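Here is the structure we will look at, set down as structure tokens.
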């Protein structure tokens, strides 16, 4: 390479590697040396601890000209990198390695902050319906409790009776008595009905009727109001951030749809100038009573939970404690590794996929390497179906759950891990 080429490489903020026709490293810039924490001249590029993000394949012969990967650095941690490739003359190859670890952390934090902001906007909209400050405080306290309930069965009639104070001067009529309990936690069921009542009030509904029936193993609930209808199509109304009202977030119906469909139900919306009708279907909760205690094979077990969302740690801990299972939670993967290294023993591990510092897939690999007996008892959890599928596609963990999940799904997962 020419002197000008060397100067350009050293001026780059991204790492750079040049290989010869045999794949040997003949040039690295200062940024790459700093990223690796050690010199690499003379090594085969295939020997670098640089792997495709999910497959674990080496990046010597990439199928495309750019790929995301994981680079293990001198202290044993991993950096999330984006690698671009260019063919040079004489069979040489240029690798440009961009460290995106901090960017990924920032995106993760922004995503979490966005979820918190949406929840806050939703809570504020609901609380506006309660004029009495004391009632507002009571309702706010109920919202601050985890919406993940270990009791995944709800009496809709009981939930509806708590909405009277939110109706203001509108007439609120219920016909929900005698229905079987639905397979949805009480706080989520309350959120669904509260959102629909709030939506009716905002569209000047003066009479709101909520009635239900039990048919074909499902509970069907119809919420009808006599308001001014919707100023958009029903399909558009459930899209996030879609609203015609000043100052509104456009999340109410989106949240309702996501909760109902996430619980195995469905939502159908119709509207005209004389009002809006929302039809909800819910699966019926299991009719058999819960066992008096946890199965003997599970009581007394210990589970390590790693997730950077405190609400998830609390929900899992609360649910499993009711079954006599002890949980130890960490919000950081490296801290969990250090704890395991001290010799503390666990019967199963639940690990989030997307976390700062070290991602769940790499964390599971390192746990399996250091503690082989735990390898078949590691399960992944994620808020994205696609992310979870990618994390389970390979030689690592085979079990997982998509958040949010119900308590019975958590128990079933743990039973599989402890078989």
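Since every read-out is calculated from the coordinates, none of them should be taken as a lab result. Note that this is a predicted model, so its numbers are computed, not measured. Here the Cβ is made from the backbone with ideal geometry for all residues, glycine too, and neighbour counts use every protein chain on show.
See the values below:
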{"quantity": "Ascending count of other beta-carbon atoms within 10 Å, so fewest first, for 382, 389", "calculated": "389, 382"}
{"quantity": "Whether segment 302-417 is rounded, prolate or oblate, judged on the alpha carbon gyration tensor where a/c under 1.5 counts as rounded", "calculated": "rounded"}
{"quantity": "Estimated FRET transfer efficiency when R0 is 35 angstrom, pair residue 102-residue 266 (beta carbons, to 0.05)", "calculated": "0.25"}
